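Quick notes on the structure that follows.
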Number of protein chains: 2
Amino acid sequence: MTSRDVARRAGVSQSSVSRAFTPGASVAAKTRQAVIDAARQLGYRPNAFARSLIKRQSRIIGLMISQLDNPFYPRVVEAISRRLQASGYHVLVFLTRGEDADDDLQEILQYPVAGLLMASATLSSRLAGECATAGIPIVLLNRAVADAPTVSVTADNWQGGFDVADFLLDSGHRRPAFIAGLANASTSRDREAGFLHGLRRRGLDCFARAVGDYTFAGAENAALTLFDVTSPPDAVFVANDHMAIAVMETLRHVLGLRVPADVSVIGYDNVPQAAWASYRLTTVEQPAERMVAAAVDALLTQVEGSSPAEQRIVIRGQLIVRDSARLSLPPGCSGGET
Amino acid sequence: MTSRDVARRAGVSQSSVSRAFTPGASVAAKTRQAVIDAARQLGYRPNAFARSLIKRQSRIIGLMISQLDNPFYPRVVEAISRRLQASGYHVLVFLTRGEDADDDLQEILQYPVAGLLMASATLSSRLAGECATAGIPIVLLNRAVADAPTVSVTADNWQGGFDVADFLLDSGHRRPAFIAGLANASTSRDREAGFLHGLRRRGLDCFARAVGDYTFAGAENAALTLFDVTSPPDAVFVANDHMAIAVMETLRHVLGLRVPADVSVIGYDNVPQAAWASYRLTTVEQPAERMVAAAVDALLTQVEGSSPAEQRIVIRGQLIVRDSARLSLPPGCSGGET
DNA sequence: CTGAAAGCGCTTACAG
DNA sequence: CTGAAAGCGCTTACAG
């Protein structure tokens with residue numbers, strides 16, 4: 001079923017068929033109607049690939065993502081798709097093997113995508129440059145590239161970590177620990193840096209540290225390492241909620257500790273589960289909707305020709321105080337024993 | 001950057017460039033090398049759209065899905081993408097507004113997709129027919145179309161519901177309730193039908209019923225409706241885990257009931273959270289990996305020419321017994337009061 | 001407002 | 001093994 005068939009059926013030229021399907025093109029209403037009718041009868045739909053070829057631009061955005069098990073990302077994928085669909089774009093998803101997306105990127109670049117969105121994945125500066133010269137705009141969500149001038153959207157991770165430090169110190173904690181995510185993820189690094197800075201500014205060091213790799217199992221191990229000792233931390237800031245929940249589960253059900261009576265737990269992201277009654281997790285929100293909105297806007301701005309307003313968009317999220325971290329000194333205790 | 005440019009650079013014809021990128025084409029090793037070199041220097045990649053146009057088939061599979069908040073589906077999306085990528089296909093995702101995907105489907109059909117996968121979404125038999133005549137194979141995952149001969153992959157939902165009834169009756173429950181998902185989703189209907197059949201076969205009726213629409217909030221309401229009464233059920237079979245967890249949270253933290261001491265809860269899916277220590281949810285597994293494998297195989301079989309082996313693939317899942325449903329009669333109680 | 005012609009970037013018979 | 005030519009399904013100047 002091609003435009004030629006429709007043209008023949010409607011008794012017009014192929015050009016008119018094309019115009020009938022192009023909003024704002026100059027066609028007589030009558031001609032357009034004849035084309036629409038013929039198309040309906042034949043079950044014709046314009047072929048988007050052929051159109052892309054000739055227009056030298058597609059309406060497809062490539063989305064590269066590495067983790068879908070962290071419940072923050074399904075929300076992101078959903079928000080991205082809906083927003084892009086609303087603007088007439090479509091999403092070609094690509095699940096990368098690991099955070100480094102270089103190899104997978106080569107594959108997706110076979111498709112003439114209008115732009116690229118990378119969530120929880122990064123590319124080398126070499127490939128970033130290659131895309132730049134090929135004229136394919138890229139926006140990174142939740143990651144940054146060290147040495148290439150890519151556009152990125154992140155939460156204010158440093159500030160979030162800093163806020164957590166203040167909160168924990170204000171409520172009298174003296175032995176705060178940190179559980180990191182992936183070693184080279186900028187989110188984890190920034191959250192830790194802000195946290196440490198906040199601690200040191202008030203004269204404290206991080207009492208203990210472990211790495212959970214942003215996985216559930218990794219976080220369980222990290223919790224055991226940190227807390228199955230004689231003198232455990234009195235609080236732990238976990239680099240994301242996904243891990244924080246694993247930590248709470250381990251603390252309570254494996255080690256028999258009470259949260260927050262024995263130890264305070266704070267996460268990052270504010271995923272839906274954080275609000276569940278079983279956890280009531282105190283956490284720093286990472287506003288998925290607003291971040292996605294900013295990322296998609298930045299990308300489409302570039303796709304549609306202009307250069308983006310900003311290179312690094314940082315979106316502030318609030319500390320959401322629930323019940324997994326105690327709010328004041330424990331009764332009968334004057335500041336801890338350190 | 002086109003094959004023409006590469007041809008010029010390598011001093012060969014455009015045909016040779018094409019052959020150099022076609023596995024198994026007859027080119028001299030030397031020619032191929034020259035092309036590869038030139039391509040590398042110019043940063044050339046064959047344009048997949050142009051190739052699709054001429055081959056009259058693409059390597060893109062459309063994936064339509066409606067719910068990403070139910071944690072069963074991120075696993076499905078991930079499994080689908082990885083499997084399809086492994087076979088050289090790519091995924092164009094489309095989030096539908098609601099379960100009825102007809103309108104959204106029209107849009108995605110602008111792309112010459114090789115096939116269509118629909119998860120937690122259905123299409124009308126009219127549109128199913130239209131795709132059939134257009135030669136676009138469709139596989140439904142977790143839904144069935146009433147009156148069109150589409151191929152579908154589902155868990156054995158009827159049997160799962162039946163098994164739950166037996167389990168609940170064996171362990172002495174006398175007032176079993178059911179919380180349904182979406183009214184017209186075949187998963188919910190089949191699970192309920194099997195459950196009722198299992199109950200009736202042993203002389204019991206469903207004690208109470210509510211609808212949760214497969215959402216967290218809907219399930220919270222359903223739990224209140226069912227349990228905030230003078231004579232509540234002694235067990236509840238919830239149409240999926242996502243809702244079952246909402247039910248457990250409400251039962252425990254809003255109504256102050258103990259699970260399973262006061263009431264048993266059983267879910268469906270075996271999502272990751274079901275195994276968490278806070279829930280230890282007894283549930284019927286829905287084997288995501290196996291279901292996706294079957295769905296992708298069935299789809300690619302059709303895409304690659306042959307008709308599929310089966311129309312309705314049903315995959316059996318086990319009842320996974322954990323701690324959210326009691327295993328025997330409560331002490332001092334001889335069978336309930338009904 | 002409309003049609004004939006050229007061309008988007010590729011592949012594939014067809015000759016050689 | 002290789003190249004010239006035609007054509008996949010569309011759009012877009014260019015005339016009229």
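We did not get these values from a lab; they are worked out from the coordinates using the rules stated. Source: prediction; values computed, not measured. For neighbour counting, all protein chains shown are included, and Cβ atoms are generated from backbone atoms with ideal geometry for every residue, glycine included.
Let me make sure I get this right: for the range A:150-241, a, b and c are the square roots of the gyration tensor eigenvalues over alpha carbons, sorted descending. Under 1.5 in a/c it's rounded, otherwise prolate if a/b > b/c, else oblate. Which is it? Don't skip to the answer; put the middle values down first.
On the way: a/c = 2.39, a/b = 1.14, b/c = 2.09.
Oblate.
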Q. Using a label position 7 Å from Cα in the Cα→Cβ direction, what is the ascending list of nm distances from A:R322 to the same site in the other copies?
A. 1.8
Q) When Cβ neighbours within 10 Å are restricted to other protein chains, what is their mean count per residue of peptide A:62-75? A) 3
Q | Translational D in µm²/s for the range B:59-110 (Stokes-Einstein at 20 °C, 1.002 mPa s, Kirkwood Rh from C-alpha pairs) | A | 184 µm²/s
Q: Tell me which residues come under 5 Å, amide H to amide H, from B:V259 once H is placed; ignore anything under 5 positions away on its chain.
A: none
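Grab the other residues whose beta carbon is less than 13 angstrom from that of B:G317, score K and R as +1, D and E as -1, and report the net.
Details: positive: B:R191, B:R290, B:R316; negative: B:D156, B:D163, B:D190, B:D241, B:D269, B:E285, B:E289.
The answer is -4.
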Q) How big is the protein assembly as shown by the Kirkwood estimate over distinct Cα pairs, in Å? A) 27.7 Å
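If each residue of separation counts as 0.36 nm, what is the full-extension length gain between B:A50 and B:A261 once their alpha-carbon separation is subtracted? It would help to have the intermediate numbers written out before the result.
On the way: separation 211, 0.36 × 211 = 75.96 nm, distance 6.41 nm.
That pair, B:A50 and B:A261, stretches by 69.5 nm at full extension.
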(Q) Counting C-alpha atoms alone, how compact is the range A:1-126: give Rg to one decimal and Dmax as a whole number, in angstrom. (A) 19.4, 56
Q. If you line up the Cα atoms of chain B on their principal axes, what length do they span on each, largest first, in Å?
A. 91, 40, 30
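Rank the residues A:S87, A:S306 as a footprinting-exposure proxy: fewest other Cβ atoms within 10 Å of their Cβ go first. Let's see the in-between values first.
Numbers: A:S87 13, A:S306 8.
The order, fewest Cβ neighbours first, is A:S306, A:S87.
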(Q) Let me check I've understood the local charge: for A:P71, count other residues with C-beta under 11 angstrom from its C-beta, Lys and Arg +1, Asp and Glu -1. What total comes out? (A) -3
**Q.** Expected-Rg normalisation [2.2 N^0.38 Å, Cα atoms] applied to the range A:205-338
**A.** 1.30
(Q) At R0 = 41 Å, how high is the FRET efficiency between B:I315 and A:I36 if r is their beta carbon distance? Nearest 0.05 is fine. (A) 0.40
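Dividing the convex hull volume of the alpha carbon atoms of the range B:111-189 by its residue count, what do you get in Å³ per residue?
Working: hull volume 7.5 nm³, N = 79.
It is 95 Å³ per residue.
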**Q.** Highest-fluctuation residue, A:D37, A:D170, A:D205 considered, GNM on chain A with Cα pairs under 10 Å
**A.** A:D37
**Q.** Net lengthening on full extension, B:A28/B:T2 (0.36 nm per residue, minus Cα-Cα)
**A.** 7.2 nm
Q.
Taking B:D170 in one copy and the same position in all the others, each labelled 7 Å out along Cα→Cβ, what are the pairwise distances from the first, in nm, shortest first?
A. 5.4
Q) Sorted from shortest, what are the nm distances separating the label point of B:Q57 from equivalent points in the other copies, each placed 7 Å from Cα along Cα to C-beta? A) 3.3
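What does the helix-only formula give at 222 nm for chain A: each DSSP H stretch with n ≥ 4 adding -39500 (n - 2.57), the total divided by the residues, and the result rounded to the nearest 500 deg cm²/dmol?
It comes out at -12500 deg cm²/dmol, rounded to the nearest 500.
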Q.
Please compute the modelled spin-label separation between A:A193 and B:Q57, points set 7 Å along Cα→Cβ, answer in nm with one decimal.
A. 5.1 nm
